[in-house]
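Just so it is clear, none of the values below were taken in a lab; they were calculated from the coordinates. All values derive from a computational prediction rather than experimental measurement. Every residue, glycine among them, receives a Cβ derived from its backbone with ideal geometry; neighbour counts consider all protein chains shown.
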Amino acid sequence: MDMQQHIDSYDFAGKKAIVRVDFNVPLNENFEITDDTRIRAALPTLKKVLQEGGALIIMSHLGRPKGFDEKFSLKHIVNHVSEKLGVPVQFAEDCMKADAQAAALKPGEVLLLENLRYYAEEEGKPRGLGADASDEEKAAAKKAVKESQKEFVKHLASYADCYINDAFGTAHRSHASTALIASYFPDDKMFGYLMEGEIKAIDNVLKNAQHPLTAIIGGSKVSSKLAVLKNLVGKVDNLIIGGGMGYTFIKAQGGEIGCSLHEDDLIPDALEILEEAKKKGVNISLSVKTVAAQKFSNDAETKEFDTHHIAEGWEGMDAAQETIDNWKKIIMDSKTILWNGPVGVFEFPNFAKGTLQIAEALAQATEKGAYTLVGGGDSVAAVTKMGYANKVSYVSTGGGAMLEAIEGKTLPGIAAIQE
Ligand code: AMP
């Protein structure tokens with residue numbers, strides 16, 4: 001039977017661990033790292049293996065290369081990783097040609113493999129098909145890449161004695177290095193600390209939540225978070241829906257929303273969610289007062305409206321104070337809070353006020369003893385900007401992966417270790 005190990009009890013002495021991390025960091029035009037959060041997030045796991053007398057083979061993707069391409073080379077980050085780990089890092093210029101380097105690794109040594117996505121086999125998707133490819137050609141190309149993917153995975157696995165997945169950011173993808181490789185280590189596979197932390201945080205909200213449980217879901221479109229909303233309606237006590245997506249709900253209720261962002265084709269879904277909430281006794285809280293503008297720009301003149309009566313030509317840009325006060329009250333009365341997505345056009349400082357106050361409320365609720373989980377680019381940016389990243393319970397590192405987890409999906413990268 002396959003056995004999931006734990007990084008704290010596994011004996012790494014004299015072993016080689018192949019570790020999938022998410023080192024997909026942003027680089028500037030001089031190939032310098034502009035934000036090393038993802039590298040720092042993997043350090044506890046990497047250091048643990050080295051401290052216990054193991055050797056590391058680190059693998060990751062960077063960007064979306066279509067083949068070998070210097071721009072997406074992980075060589076640009078070797079020095080930084082080395083500095084952070086405090087040991088030299090060797091580099092394998094081709095992840096499929098690292099046999100000798102991997103074999104020569106001694107305890108405490110580190111080898112970083114070149115970008116896995118130089119190979120189509122990592123994602124298992126055919127490349128180079130012309131737009132005019134026939135269905136037969138597409139099917140044949142898909143079959144070919146799936147076949148060679150088996151060899152690719154087997155080759156990566158041959159470098160090491162055990163496998164650690166610490167790449168939460170790609171856990172929702174069923175790729176060679178995130179899911180498929182685990183089967184080569186039936187009794188020697190485990191999560192890294194970052195993965196473990198992310199999984200626990202999600203479980204704290206979806207499985208073991210203390211009630212009242214409140215979710216604050218914002219962002220631009222209902223369509224991108226429809227599955228999230230549908231799953232949460234069955235679990236939460238309060239569902240705060242803010243940001244651009246809120247106006248589709250207001251319109252569904254018969255409100256006049258001016259020229260605020262909305263999706264007419266999602267109105268039936270919005271009505272279904274409202275109906276479901278009513279049946280289950282879930283409190284859906286929408287914006288009551290909106291800060292609107294006549295043009296989509298930071299310095300636009302603003303006017304406050306009842307969210308159900310926004311004048312023609314005006315667009316809802318942020319939650320007004322009365323709305324925020326309602327939401328703050330719900331937040332402060334909750335024991336568990338999940339937040340994903342801004343409640344206004346956060347990129348414009350003049351329309352970031354609502355979102356920043358939500359960040360503040362989460363920090364206050366945490367201080368009062370609530371469990372708070374924050375995910376998604378803008379929400380994470382908001383808590384970071386306010387200096388609250390350490391004042392909420394958990395800040396998720398994986399946008400897409402976290403969304404899929406709160407949709408209730410089983411993530412392939414997690415299942416591959418657990419099964
Ligand atoms: P998402 O990626 O779905 O989390 O959405 C984030 C985006 O939602 C940000 O770029 C915000 O500017 C946008 N957003 C939030 N509120 C509004 C709004 N009232 N009108 C237009 N866009 C919004």
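What FRET efficiency comes out for GLU419 versus ASN28 if R0 is 41 angstrom and r is the Cβ-Cβ distance? Round to the nearest 0.05.
Values: r = 40 Å, r/R0 = 0.99.
Efficiency, rounded to the nearest 0.05: 0.50.
When a/c reaches 1.5 or more, the comparison of a/b and b/c decides; with that in mind, is region 1-156 rounded, prolate or oblate per its Cα gyration tensor?
oblate
Relative to the Cα centre, what is the charge dipole magnitude of the chain, using +1 at the beta carbon of each Lys and Arg, -1 at the beta carbon of each Asp and Glu, and rounding to the nearest 20 debye?
Details: 46 positive and 59 negative charges, 151 e Å.
About 720 debye.
Enumerate the lysines that LYS138 could reach by cross-link, defined here as Cα to Cα under 26 Å, with residues fewer than 8 away along the same chain left out.
LYS66, LYS125, LYS146, LYS150, LYS154
Going down the table (LYS235/LYS368; LYS48/LYS391; LYS207/LYS328; LYS15/LYS48), which pairs top 21 Å between alpha carbons?
Details: LYS235/LYS368 23 Å; LYS48/LYS391 26 Å; LYS207/LYS328 24 Å; LYS15/LYS48 13 Å.
Where the Cα-Cα span goes over 21 Å, the pairs concerned are LYS235/LYS368; LYS48/LYS391; LYS207/LYS328.
What does DSSP give for the chain in terms of the percent of beta bridges that are antiparallel, rounded to the nearest 5?
Working: 10 of 50 bridges.
If I count the DSSP bridges inside the chain, around 20 percent turn out antiparallel.
Can you give me the C-alpha center-to-center distance between region 31-96 and region 313-389, rounded to a whole angstrom?
Each part's Cα centre sits 34 Å from the other's.
Take the chain, mark every one of the chymotrypsin sites (Phe, Trp or Tyr not before Pro) that falls in a DSSP loop and has at most 16 other Cβ within 10 Å, then report the longest stretch left between them, sites excluded. Walk me through the numbers before you get to the answer.
Details: sites that count: PHE31, PHE68, PHE296.
Between exposed loop sites, the widest span is 69-295.
Of the candidates LYS279, LYS47, LYS329, which one comes out as most mobile in a Gaussian network treatment of the chain with C-alpha springs shorter than 10 Å?
In the Gaussian network model the winner is LYS279.
Find, among the trypsin sites (Lys or Arg not before Pro) in region 54-83, those assigned to loop by DSSP (not H, G, I, E, B) with at most 11 other beta-carbon atoms within 10 angstrom. Spell out each step's value before the answer.
Details: sites: LYS66, LYS71, LYS75; in loops: LYS66.
Listed in order of number, the matching sites are LYS66.
Could you work out the pair-distance distribution P(r) of region 341-419 from its alpha-carbon pairs, with 5 angstrom bin width and percents rounded to whole numbers?
Calculated over all Cα pairs of region 341-419, the distribution is 3, 16, 22, 20, 17, 11, 7, 3, 1, 0 percent.
What list of ³J(HN,Hα) couplings, whole Hz, do you get for region 40-52 from phi and the Karplus terms 6.51, -1.76, 1.60, once you set θ to phi - 60° and write x for glycine and proline?
With coefficients 6.51, -1.76 and 1.60, one gets 4, 5, 8, 4, x, 5, 5, 5, 4, 4, 5, 4, 8 Hz.
Around MET96, under 10 Å between beta carbons, what's the net of Lys plus Arg minus Asp minus Glu among the other residues?
On the way: positive: LYS97; negative: ASP94, ASP99, GLU114, GLU121, GLU151.
Here the charged neighbours net out to -4.
Using a Gaussian network for the chain with springs between C-alpha atoms less than 10 Å apart, which of these wobbles most: GLY354, GLY14, GLY218?
The residue that fluctuates most here is GLY14.
Which value at 222 nm does the chain reach when only helices count, each DSSP H run of 4 or more adding -39,500 (n - 2.57), with the total divided by all residues and rounded to the nearest 500 deg cm²/dmol?
Values: 14 runs with 154 residues, N = 419.
So the helix-based figure for the chain works out to -11000 deg cm²/dmol.
In whole Hz and in residue order, list the ³J(HN,Hα) couplings for region 96-108 that follow from phi through the Karplus curve 6.51 cos²θ - 1.76 cosθ + 1.60, θ = phi - 60°; x for Gly and Pro.
8, 10, 10, 3, 5, 5, 5, 5, 7, 5, 10, x, x
Taking springs between alpha-carbon atoms closer than 10 angstrom, which of PRO65, PRO212, PRO268 fluctuates most in the Gaussian network model of the chain?
PRO268
Please go through region 331-414 and write out the GluC sites (Glu not before Pro) that DSSP classes as loop and that have at most 13 other C-beta atoms within 10 Å. Show your work: numbers first, answer last.
Numbers: sites: GLU347, GLU360, GLU367, GLU404, GLU407; in loops: GLU347, GLU407.
Counting only loop positions with at most 13 other Cβ atoms within 10 Å, the GluC sites (Glu not before Pro) in region 331-414 are GLU347.
Read phi for every residue in region 257-269 and hand back ³J(HN,Hα) as whole Hz from Karplus 6.51 cos²θ - 1.76 cosθ + 1.60, θ = phi - 60°, with x for Gly and Pro.
10, x, 10, 5, 4, 6, 10, 4, 5, 9, 4, x, 5
Would you please give the residues with an amide H less than 5 Å from that of ALA320, counting only those at least 5 places away or on a separate chain, with H modeled from the backbone geometry?
LYS289, THR290, VAL291
Trypsin sites (Lys or Arg not before Pro), restricted to region 140-180: which are DSSP loop and have at most 11 other Cβ atoms within 10 Å?
Numbers: sites: LYS142, LYS143, LYS146, LYS150, LYS154, ARG173; in loops: ARG173.
Sparse-neighbourhood loop trypsin sites (Lys or Arg not before Pro): none present.
Hey, rough spin-label estimate for THR302 and GLN210, points 7 angstrom out along Cα→Cβ, what's it come to in nanometres?
Taking the two extended label points, one gets 3.4 nm.
For the chain, find the longest principal axis of its Cα atoms and tell me its angle to the long axis of helix 353-367, 0 to 90°, nearest 10.
With both axes taken from Cα atoms, the answer is about 70 degrees.
Once every Cα of the chain carries one equal point scatterer and solvent is ignored, give the base-10 log of I(q)/I(0) from the Debye formula at q = 0.12 Å⁻¹, two decimals.
Here log10 of I(q) over I(0) equals -1.02.
Which length gain, in nm to one decimal place, applies between LYS385 and ASP132 when the Cα-Cα distance is subtracted from 0.36 nm times their residue separation?
Numbers: separation 253, 0.36 × 253 = 91.08 nm, distance 4.74 nm.
Roughly 86.3 nm would be gained on extension.
Could you grab the relative contact order for the chain? Cα pairs under 8 Å, six or more apart, rounded to a whole percent.
Details: 874 pairs, mean separation 64.7, N = 419.
So the answer I get is 15 percent.
Which value, in debye to the nearest 20, describes the size of the charge dipole of region 159-258 about its Cα centre when Lys and Arg Cβ atoms bear +1, Asp and Glu Cβ atoms bear -1, and nothing else is charged?
Numbers: 9 positive and 9 negative charges, 115 e Å.
For this selection, approximately 560 debye.
Can you list the residues, at least 5 places off or on another chain, whose amide H is less than 5 Å from the amide H of LEU112, using H built in the peptide plane?
Residues meeting the amide H criterion: ILE58, GLN90, PHE91, ALA92.
Would you calculate the separation in nanometres between label points at PHE68 and SER223, each defined as 7 Å from the Cα along the Cα-to-beta-carbon direction?
4.0 nm
Work through the residues other than GLU275 whose Cβ is under 13 Å from its Cβ and net out their charges, Lys, Arg +1 and Asp, Glu -1.
On the way: positive: LYS230, LYS278, LYS279, LYS280; negative: ASP269, GLU272, GLU276.
Here the charged neighbours net out to +1.
Would you mind counting up the charge near ASN326? Only other residues with Cβ under 14 Å from its Cβ, with Lys and Arg at +1 and Asp and Glu at -1. All intermediate terms of the calculation are to be shown ahead of the outcome.
Values: positive: LYS289, LYS328, LYS329; negative: ASP306, GLU322, ASP325, ASP333.
Local net charge: -1.
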